[in-house]
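Reviewing the structure listed below.
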Amino acid sequence: MLKVLFIGDIFGKPGRHAVREVVPRLRREHALDLVIGNGENAAEGRGVSVRLAKELFESSVDFLTSGNHIWHSHDIYPYLNEPGCRLIRPANFPSEAPGKGWGIVETKKGGRVAVINIIGQIFMPQQADYPLQALDRVLDEVDNEADAVIVDMHAEATSEKRAMGWHADGRVQACVGTHTHVQTSDEEILPGGCAYITDLGMTGPYHSVIGQEKEAVLKRFRTTLPVKKFEVASGDVRLCGAIIEIDETAKRAVSIKRVCERIPDEVSRQWPK
């Protein structure tokens with residue numbers, strides 16, 4: 001059996017602190033073989049720098065996916081092309097873009113897991129190729145390279161994520177949604193053995209509007225006036241995601257369980273600002 005923790009969108013410094021605080025314990029308690037996280041909001045809610053990607057790897061994360069904010073930190077461009085890079089961008093971005101849309105990560109037991117990143121089209125700012133066809137192309141590339149395949153579907157529309165789950169069922173072992181920062185309660189094993197959840201949720205401050213200080217967001221909604229800068233919030237920090245158990249021999253997931261770990265306020269208040 002392969003046990004994987006997939007962490008939902010890691011948001012700013014509170015999210016990174018939560019990862020450092022919680023993930024090593026979860027690895028011990030659940031005997032995890034692999035930890036994957038969506039890191040595209042790690043840098044103050046937009047993008048991830050090389051320094052912050054390495055910080056997350058030092059915090060017991062093995063591999064990072066991303067999404068629409070991946071290009072925000074310019075130093076990440078050459079990093080994505082480095083051999084053995086453990087950070088990927090959406091596979092259905094143009095082929096001329098830096099980096100790859102999938103990667104292979106080896107577990108401590110020697111198993112090989114392919115991680116694929118796909119971005120949705122509905123309500124998303126970037127132009128990207130058709131998600132379902134993009135997955136087909138990547139699966140042709142992955143072929144027999146891995147013992148298990150996990151897809152991060154980074155999308156806004158529930159329907160688009162759900163469609164990807166059904167499209168991937170029977171060909172991948174897990175398809176998890178990211179981007180909306182709200183954990184859904186629809187985790188299940190689809191008939192073909194694919195573990196599915198529409199959104200893993202956010203790892204970061206929940207006393208907020210999807211990670212940002214609520215006052216500035218409320219002002220924007222009340223007035224439609226532009227706000228100079230949205231600030232990362234700080235209260236009610238949680239780590240959210242899911243633990244997926246995969247039978248590598250049968251090539252199917254056997255369980256998926258939501259994770260939502262709240263950091264006590266007395267702990268988070270002691271973190272460096």
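The values are calculated or read from the model by the stated rules, or taken from the named source; none is laboratory data. Since the model is a prediction, treat every value here as computed from it, not as a measurement. Neighbour counts are summed over all protein chains in view; Cβ atoms, including those assigned to glycine, are modelled from backbone coordinates with ideal geometry. Just so you know, the surface numbers come from the protein's heavy atoms only, side chains and all, with ligands and any DNA or RNA stripped out. Shrake-Rupley method; radii C 1.70, N 1.55, O 1.52, S 1.80 Å.
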Inset, instruction - Enumerate the amide H contacts of Gly193 below 5 Å, restricted to partners 5 or more residues apart or on another chain; note that Pro and chain-start residues carry no placed amide H. - result: Gly170
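Go through Lys54/Lys257; Lys3/Lys257; Lys13/Lys54; Lys3/Lys108; Lys13/Lys161 and tell me which ones have a Cα-Cα distance over 18 Å in this structure.
Lys54/Lys257; Lys13/Lys161
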Inset, instruction - Using only the Cα atoms of the stretch 1-152, build the gyration tensor, take square roots of its eigenvalues as a ≥ b ≥ c, and label the shape rounded, prolate or oblate: rounded if a/c is under 1.5, else prolate if a/b is larger than b/c, else oblate. - result: oblate
Legend entry - the chain, accessible area per residue, ligands and nucleic acids excluded (1.4 Å, Å²): 45 Å²
Legend entry - FRET efficiency, 1/(1 + (r/R0)^6) with R0 45 Å, evaluated for Glu29 and Lys219 via beta carbons: 0.60
Inset, instruction - Could you name the aspartates and glutamates whose alpha carbon sits less than 15 Å from that of Lys109, not counting residues in the same chain fewer than 8 places away? - result: Asp33, Asp62, Asp147, Glu245, Asp247, Glu248
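Where both partners of a DSSP beta bridge lie in the stretch 133-246, what percent of those bridges are antiparallel, to the nearest 5?
Beta bridges within the stretch 133-246, antiparallel portion: roughly 40 percent.
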Legend entry - FRET efficiency for Glu96 and Lys229, using Cβ-Cβ distance with R0 set to 41 Å, rounded to 0.05: 0.85
Inset, instruction - Determine ³J(HN,Hα), in whole Hz, for all residues of the stretch 172-180 in sequence, where each value follows from phi through the Karplus function 6.51 cos²θ - 1.76 cosθ + 1.60 and θ = phi - 60°; x replaces Gly and Pro. - result: 10, 9, 7, 9, 10, x, 9, 3, 7
Inset, instruction - Please go through the stretch 181-234 and write out the trypsin sites (Lys or Arg not before Pro) that DSSP classes as loop and that have at most 13 other C-beta atoms within 10 Å. - result: Lys228, Lys229
Legend entry - Sequence-distant residues sharing a close amide H with Glu44 (under 5 Å, placed H): Gly12, Lys13
Legend entry - Calculated FRET efficiency for the pair His74/Gln127, C-beta based, R₀ 22 Å, to 0.05: 0.65
Legend entry - Residue-averaged 222 nm ellipticity for the chain, from DSSP H runs of 4+ at -39500 (n - 2.57), nearest 500: -7500 deg cm²/dmol
Legend entry - Residue among Met153, Met164, Met124 with the largest mean-square fluctuation in a Gaussian network model of the chain, springs linking Cα atoms under 10 Å: Met124
Inset, instruction - Give a residue-ordered list of calculated ³J(HN,Hα) values for the stretch 215-230 (Karplus: 6.51 cos²θ - 1.76 cosθ + 1.60, θ = phi - 60°; whole Hz; x for Gly, Pro). - result: 4, 5, 5, 4, 4, 4, 5, 6, 10, 6, 6, x, 10, 4, 7, 7
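Kirkwood hydrodynamic radius, computed over distinct alpha-carbon pairs, for the chain: how many Å, to one decimal? Don't skip to the answer; put the middle values down first.
Numbers: mean 1/r = 0.0543 Å⁻¹.
Mean inverse Cα-Cα distance, inverted, gives 18.4 Å.
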Inset, instruction - Would you mind computing, in nm to one decimal, how far apart the modelled labels at Asp186 and Glu145 are, each placed 7 Å from Cα along Cα→Cβ? - result: 3.0 nm
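Using a 1.4 angstrom probe on heavy atoms only, work out the carbon and sulfur share of the accessible area of the chain in %.
50 percent
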Legend entry - Gain on full stretching of the segment that runs from Glu82 to Ala250 - 0.36 nm per residue minus C-alpha separation: 57.1 nm
Legend entry - For the stretch 258-268, Karplus couplings with θ = phi - 60° (6.51, -1.76, 1.60), whole Hz, Gly/Pro x: 5, 10, 8, 9, 8, 7, x, 4, 5, 7, 5
